[in-house]
Amino acid sequence: MKIFIDSADIKEIKTVAELGVCDGVTTNPTLIAKSGQDFKTVLSEIVNIIPGPISAEVISLDSKGMIKEAEELVKLANSIVIKLPLTEEGLKACKYLNGKGIKTNVTLCFSVGQALLAAKSGATYVSPFIGRLDDIGEDGVNLIKEIKALYSANKVETKILAASIRSPRHVTDSFISGADVVTLPFKILLQLYTHPLTDKGLKQFIEDWKNSGQRSILAEKI
Ligand code: E4P
């Protein structure tokens, strides 16, 4: 049960690193553009903050270009995973990179058939986008269940990385449905541990403590 952060914002990534629950990072061209920093600079910073897998996406549309980009990106760190689109060219590049021992994350997966082909191409991870499926009235979490059933029945090693997460419920439902990894935006990670009853309960505990006249265990040391 691994949690990745879906971000290229260094401040956010440092914050989740301190929290100690982040096993890796996924980026995409949109997130890199939002960071306002150069691609290589951002990635070089990220790999020094989080020791786990860091997905870096190619922007070429042909397999040759994707492979060339991948060969440059993996020079940045051993933890780099090459993110490839789930297209014919992306699958070709995936097969090639898998043969070279380079880890891949096949992204923009919206069907179980696509996930099947990603696995056949040797993808390390496949990324079903559950939020974007929900956006068009489909059931994103159900796709995770179907991919899990397919992979389990056929002893597939490709890991299911649930992406496009819109709510804390998406996170837990994805894990319950068999996702190996969930990558979530910073905002959703904060929502995962925030609960109004936790805040209310804590406030009450502190008030009761103060009113009782008790002293902190640390006060005795002074
Ligand atoms: C996954 O790797 C993608 O970067 C991401 O989850 C896309 O999410 P979005 O649909 O919120 O853009």
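The values are calculated or read from the model by the stated rules, or taken from the named source; none is laboratory data. Since this is a predicted model, take the numbers as computed values, not measurements. Because the Cβ atoms are built from the backbone with ideal geometry, glycine has one as well, and the counts that use them run over all protein chains shown.
Checking each residue in the range 137-174 for being over 19 Å from GLY113 (Cβ atoms) and either within 12 Å of the ligand (Cβ to nearest atom) or surrounded by 17 or more Cβ atoms within 10 Å (Cβ to Cβ) (or both) picks out ILE165, ARG166, SER167, PRO168, HIS170, VAL171, ASP173, SER174.
Tell me which residues, restricted to the range 14-37, are in a helix (DSSP H, G or I), within 16 Å of the ligand (Cβ to nearest atom), touching a helix residue (DSSP H, G or I) at 6+ places or on another chain (Cβ under 8 Å) and not β-branched (Val, Ile, Thr).
Hit for the range 14-37 is SER35, nothing else.
Tell me whether the range 155-171 contains one or more residues that are basic (Lys, Arg) and farther than 25 Å from THR26 by Cβ. Yes, that holds for at least one residue. The residues of the range 1-54 that are farther than 20 Å from ASN105 by Cα, crowded, with 19+ Cβ neighbours inside 10 Å and under 13 Å from the mean Cα position of the chain (by Cα) amount to a single one, VAL16. Which residues, counting only those in the range 181-200, are in contact (Cβ under 8 Å) with a residue 24 or more places away in the chain and not in a strand (DSSP E or B)? If the condition is that a residue be in contact (Cβ under 8 Å) with a residue 24 or more places away in the chain and not in a strand (DSSP E or B), then PRO185, PHE186, LEU189, GLN191, LEU192 are the ones that fit.
Once the range 132-180 is narrowed to residues that are in a helix (DSSP H, G or I), in contact with a strand residue (DSSP E or B) (Cβ under 9 Å, 6 or more places away or on another chain) and of a type in the set (Gly, Ala, Ser), the residue that is farthest from GLN191 (Cα to Cα) is GLY140.
Looking across LYS11, LYS64, LYS40, one residue alone is assigned to a helix (DSSP H, G or I), within 19 Å of LYS187 (Cβ to Cβ) and more than 14 Å from the ligand (Cβ to nearest atom). It is LYS11.
Right, GLY52: assigned to a helix (DSSP H, G or I), within 16 Å of the ligand (Cβ to nearest atom) and closer than 19 Å to ALA163 by Cα or not? Against the criterion (assigned to a helix (DSSP H, G or I), within 16 Å of the ligand (Cβ to nearest atom) and closer than 19 Å to ALA163 by Cα), GLY52 does not qualify.
Being touching a helix residue (DSSP H, G or I) at 6+ places or on another chain (Cβ under 6 Å), within 11 Å of the ligand (Cβ to nearest atom) and at pLDDT 95 or above, is that true of even one residue in the range 92-109? The answer is yes, given that some residue of the range 92-109 is touching a helix residue (DSSP H, G or I) at 6+ places or on another chain (Cβ under 6 Å), within 11 Å of the ligand (Cβ to nearest atom) and at pLDDT 95 or above. Whenever a residue of the range 21-36 is within 16 Å of SER127 (Cα to Cα), its partners that are more than 9 Å from the ligand (Cβ to nearest atom) and assigned to a helix (DSSP H, G or I), lying with C-beta atoms within less than 7 angstrom and at least six residues away or across chains, give the pairs VAL25/ILE13; VAL25/ILE46.
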